[in-house]
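Below is one structure, written out as structure tokens; the observations come after it.
The values are calculated or read from the model by the stated rules, or taken from the named source; none is laboratory data. Please read these numbers as outputs of a predicted model, since none were measured by experiment. With ideal geometry, Cβ positions are generated from the backbone for all residues, glycine too; neighbour counts draw on all protein chains shown. Surface areas here come from the heavy atoms of the whole protein model, side chains and all, with no ligands, DNA or RNA. Shrake-Rupley method; radii C 1.70, N 1.55, O 1.52, S 1.80 Å.
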Amino acid sequence: MIKRKTLFISDLDGTLLSSEQKFTSFTANGIKILQEKGINFTFATARSLVSTRKVIGDVKINIPMVLHNGSFLVDAVKNKRIIENLLPVKDSENAVKELLDDGILPMVYTLIEDEEKFLYAESRLDKFTLPFVEERLNDPRRKAVQSESEMLQGKRYYITAINEKEKLLPFFEKYKDKFHLILNRDFYSKDWWLEFLPQNASKAQAALQLKNLLGCDKIVSFGDGVNDIELFKASDECYAVENADENLKNIATEVIGHHNDNSVIKWLLEKAEKYE
């Protein structure tokens, strides 16, 4: 089989997944067909490996996935992190403390003895964070803690704060030069999230690393949100779904159909084989 030189990479929520946060049977079957044809296809998502596996079901991905908006590049076959990007120790410690002092409960993602955990102060759950935790009651990474010092365990790689936009904006302004920050409205809950990632972590950077790892010459990407803008700018071609943020549509090569219409997979099944 000729080694293909194009990497196709898609966001999940609002792009490849349906509004029910799952693959339709059409999309699941389409991904299998793409892989059988040797097409390099994977995901770039804000989700973790646990959360990604939950929504993709038994669909197998045979090339690495970009997770946590680029914090990790993960071999989905071996369940192994290929690339890890960690938050700066002191700056992330300060951010956690200051969020707590301002009445905002951060979710702190960390590696403890090489296992992924997300930490939260159980006594401080509120209307923004309680739904987040309740949706993850069976998540093996979930770890309730009781003190601020416990929030700072392990090697931090990702922090998310969920609250009103006005409460999060001052932290965005204060820390924008110390972290790669994403201030975005959640596709499902419509709450505002401020995500803290390492400066060198982004979907774009991880996609470029994966491109080099696979020996590809070209990236073709698909997305719907503002956290896909950098990925689009790093791509040779980029396609926004119909329901995408207008800012993303404005820089897209083309706008395709709605995410609920299996539009990404329809596009790929029709056109991916034409790329080397």
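Lys-Lys pairs in segment 185-246 that are eight or more residues apart or on separate chains and whose Cα atoms lie under 18 Å of each other come to 5. Across segment 52-117, the relative contact order, built from alpha-carbon pairs under 8 Å that are at least six residues apart, equals 15 percent. The dipole here belongs to the chain: it is taken about the Cα centre, uses +1 on the Cβ of Lys and Arg and -1 on the Cβ of Asp and Glu, and is about 860 debye.
Helix 89-101 and the longest principal axis of the Cα set of the chain meet at an angle near 60°. Radius of gyration over Kirkwood radius for the chain, both on Cα atoms: the Rg/Rh ratio is 0.96. Taking every C-alpha pair closer than 8 Å and separated by at least 6 residues, the mean separation divided by the residue count of segment 97-227 gives a relative contact order of 21 percent.
Across the alpha-carbon atoms of segment 72-128, the computed radius of gyration and Dmax are 14.1, 42 angstrom. Take residue 54: with every protein chain present and a 1.4 Å probe, its accessible area is about 150 Å². When the Gaussian network model of the chain links Cα atoms closer than 10 Å, the mean-square fluctuations of 204, 44, 95 top out at 95. Heavy-atom accessible surface of the chain, averaged per residue, reaches 45 Å², computed with a 1.4 Å probe. For segment 161-240, the antiparallel share of DSSP beta bridges with both residues in that region comes to about 70%.
Counted over all Cα-Cα pairs of segment 12-150, pairs farther apart than 27 Å make up 29 percent. Taken along its principal axes, the alpha carbon cloud of segment 144-184 reaches lengths of 27, 21, 16 Å, longest axis first. Considering only the Cα atoms of segment 156-276, their convex hull presents on average a projected area of 8.7 nm². Annotation: lysines with alpha-carbon distance below 18 angstrom to residue 78 (same-chain offsets under eight excluded): 54, 60.
Projected onto planes of every orientation and averaged, the convex hull of the alpha-carbon atoms in segment 219-276 covers 3.6 nm². Calculated on the Cα set of segment 107-182, radius of gyration then Dmax: 13.1, 36 Å.
Over the chain, with a Gaussian network built from C-alpha contacts below 10 Å, which listed residue (26, 179, 118) shows the highest mean-square fluctuation? Result: 26 has the largest fluctuation of those listed.
So which residue, out of 36, 237, 98, gets the largest mean-square fluctuation from a GNM of the chain using Cα contacts under 10 Å as springs? Most flexible of the set in this elastic network: 36. Relative to the dominant Cα principal axis of the chain, helix 203-214 is inclined by about 50°. If you model segment 1-52 as an ellipsoid using its alpha carbon gyration tensor, with each semi-axis the square root of five times an eigenvalue, the axes come out at 22, 14, 9 Å, biggest first.
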